[in-house]
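Quick notes on the structure that follows.
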Amino acid sequence: QVRLVESGGGLVQTGGSLRLSCAASGNFFGDNVMGWYRQAPGKERELVATITSGGISNYAESVKGRFTISRDNARNTVYLQMNSLKPEDTAAYYCSLRSGVLFHWGQGTQVTVSS
């Protein structure tokens, strides 16, 4: 069983910054992909960024240059540094971990950007 626990969401003004964290525990392969997705009300869940255990990252076009994903393999933790936040970044942010063919989700943390 895999457990993902997110933290760091909140309310911020346009142009502000937030840092999300997600700690993974349980049974999974060391060779895995962790990432962040988000879902705004009435919209589908979308990719924000992913990072492999080897440090290769991938970003959605809408966040490139503003968000940075990183991870600490020793702590099984992934981070998302979000800068220059915009109202359209408002969403529930979900941590993910893909290990082999299995995909795991966190419970989500709310990010709200006020204009």
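The values are calculated or read from the model by the stated rules, or taken from the named source; none is laboratory data. Note that this is a predicted model, so its numbers are computed, not measured. Glycine also receives a Cβ, built like all others from the backbone with ideal geometry; neighbour counts cover every protein chain displayed.
(1) surrounded by fewer than 18 Cβ atoms within 10 Å (Cβ to Cβ); (2) more than 16 Å from Trp105 (Cβ to Cβ): which one isn't true of Val63, the others all being true? Among (1) surrounded by fewer than 18 Cβ atoms within 10 Å (Cβ to Cβ); (2) more than 16 Å from Trp105 (Cβ to Cβ), Val63 violates only (1). Residues in the stretch 84-102 that are part of a strand (DSSP E or B) and at pLDDT below 95: Ser99, Leu102. Here the stretch 45-56 is the region considered, the condition is being free of Cβ contacts under 8 Å to residues at least 40 places away in the same chain and farther than 9 Å from Gly35 by Cα, and the residue that is surrounded by the most Cβ atoms within 10 Å (Cβ to Cβ) is Ser53. Among the residues of the stretch 3-25, those identified as part of a strand (DSSP E or B), surrounded by fewer than 16 Cβ atoms within 10 Å (Cβ to Cβ) and on the phi < 0 side of the Ramachandran plot are Arg3, Val5, Ser7, Leu11, Gln13, Arg19, Ser25.
Condition check for Trp36 on (1) touching a Cys at 6+ places or on another chain (Cβ under 7 Å); (2) part of a loop (DSSP other than H, G, I, E, B): one failure, at (2).
Just for the stretch 68-112: of the residues that are surrounded by fewer than 16 Cβ atoms within 10 Å (Cβ to Cβ) and without any contact (Cβ under 8 Å) to a residue 60 or more places away in the chain, which one is nearest to Pro41 (Cα to Cα)? Ranking the candidates gives Glu88 first. Here Phe28 meets each of (1) in a loop (DSSP other than H, G, I, E, B); (2) surrounded by fewer than 17 Cβ atoms within 10 Å (Cβ to Cβ); (3) in contact with a strand residue (DSSP E or B) (Cβ under 6 Å, 6 or more places away or on another chain) with one exception, condition (2).
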